[in-house]
1. Give just the number: which of (1) within 30 Å of residue 118 (Cβ to Cβ); (2) in contact with a Phe, Trp or Tyr (Cβ under 9 Å, 6 or more places away or on another chain) does residue 223 not satisfy?
2. Return the residues of the range 247-271 that are in contact with a Phe, Trp or Tyr (Cβ under 9 Å, 6 or more places away or on another chain) and crowded, with 21+ Cβ neighbours inside 10 Å; say none if nothing qualifies.
3. Restrict the check to the range 216-233 and report whether at least one residue is in a helix (DSSP H, G or I), surrounded by 18 or more Cβ atoms within 10 Å (Cβ to Cβ), of a type outside the set (A, V, I, L, M) and under 12 Å from the mean Cα position of the chain (by Cα).
4. If you take the residues in the range 112-147 that are outside any loop (DSSP other than H, G, I, E, B) and among the basic types (Lys, Arg), which one is modelled with the lowest pLDDT?
5. Looking at (1) within 23 Å of residue 258 (Cβ to Cβ); (2) at pLDDT below 90, which is the one condition that is false for residue 153?
6. Among the residues of the range 41-51, is there at least one that is crowded, with 16+ Cβ neighbours inside 10 Å, at pLDDT 75 or above and under 25 Å from residue 221 (Cα atoms)?
7. Has the range 11-26 got any residue that is open to solvent by less than 30 Å² (accessible area, probe 1.4 Å) and at pLDDT below 80?
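The values are calculated or read from the model by the stated rules, or taken from the named source; none is laboratory data. This one's a predicted model, so the numbers in the text were calculated from it and none came from an experiment. Note that each Cβ is placed from the backbone with ideal geometry, even for glycine, and that neighbours are counted across all protein chains shown. What goes into the accessible areas is simple: the full protein's heavy atoms, side chains included, and nothing from ligands, DNA or RNA. Shrake-Rupley method; radii C 1.70, N 1.55, O 1.52, S 1.80 Å.
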Amino acid sequence: MTGAESPLAAQVTVGIALLAGMAYFFSPCVWPLYPAYLAWLGGTGPAPAGLDVPGAPPPADEPGPRGPRPGAGRGPRAGGGHRRWAWSRRLAGAAGFVVGLGLVFMALGASLSALGALLVAYRTTLERVAGVLIATFGLQMLGILRWRWLQREWRVGWAAPRGAGGFLPGVLMGAAFGMGWTPCVGPVLGSILLLASSTATVWQGVLLLAAFTVGFAVPFLSLAVLLDRLEPGWLRRGGAALPWIERASGAALVVLGVLVFTGQLARLSSWLWYTVAPWGG
């Protein structure tokens, strides 16, 4: 994608980033973690694996080693009041998580876009390299390639504050989550970052990662709102379709990589602009 992009051409890449963010949410690596993450963000559950919460007591509404804590179920937060408090705190924590995640993603997008702008003379070469890497990520997700360096998991460790939950701890948790790498979501994020590196301006790169964040945020916040209303077993039933989503995402990355490598993504965007725009009025 070189030069100035038409409005619809920019919308095409933004749409790709939005769908990629949704694929990031529905990935087998992180799907099983959502209940624990949302419980911690709401202050009603222990820290998820990988978070260090020194001295954190068992939550009031869950049994400890010897049953419920003394005083659990009494006071102003008991019953419906406690559930409303936990719901609002969970939603605030989930919102903070999205903000922290988005800040990290957009900072990465801005950095790569700025680097691409400095190397504008080599933009064609960079696009071809990006296309090869994106297609490689797709083949990795399809299981055709098994490169060990892409199958390793890396996370940022941090000490979660006591009295977990709420907006600010959610921001920290989201930022730590965004700086990690897991085999089934890293290729999706990496592909969008490579796409951002070939944009014409830094702001276009930031816009791509903002759209990616929105694609993740919509289902994540919806889950935070509806978690208490879901039927038992929703995690297992929903997880049955995730391998297919991962394969579809891998195939889409292969196609995207070919389009970027051959320069056809820009031509496709231009074709859509001249074909669809007249129908818009």
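1. (1)
2. We begin by selecting, within the range 247-271, every residue in contact with a Phe, Trp or Tyr (Cβ under 9 Å, 6 or more places away or on another chain); these are 249-250, 253-254, 257.
Correct list: 249, 250, 253, 257.
3. The answer is yes; a qualifying residue exists.
4. In the first step, residues of the range 112-147 are kept if they are outside any loop (DSSP other than H, G, I, E, B); the result is 112-118, 120-142.
Among the residues that remain, those that are also among the basic types (Lys, Arg) are: 123, 128.
Numbers: 123: 79, 128: 90.
Filtering the range 112-147 for residues that are outside any loop (DSSP other than H, G, I, E, B) and among the basic types (Lys, Arg), the one modelled with the lowest pLDDT comes out as 123.
5. Just one mismatch for residue 153, condition (1).
6. Yes, there is a match, as at least one residue in the range 41-51 is crowded, with 16+ Cβ neighbours inside 10 Å, at pLDDT 75 or above and under 25 Å from residue 221 (Cα atoms).
7. Among the residues of the range 11-26, at least one is open to solvent by less than 30 Å² (accessible area, probe 1.4 Å) and at pLDDT below 80, which makes the answer yes.
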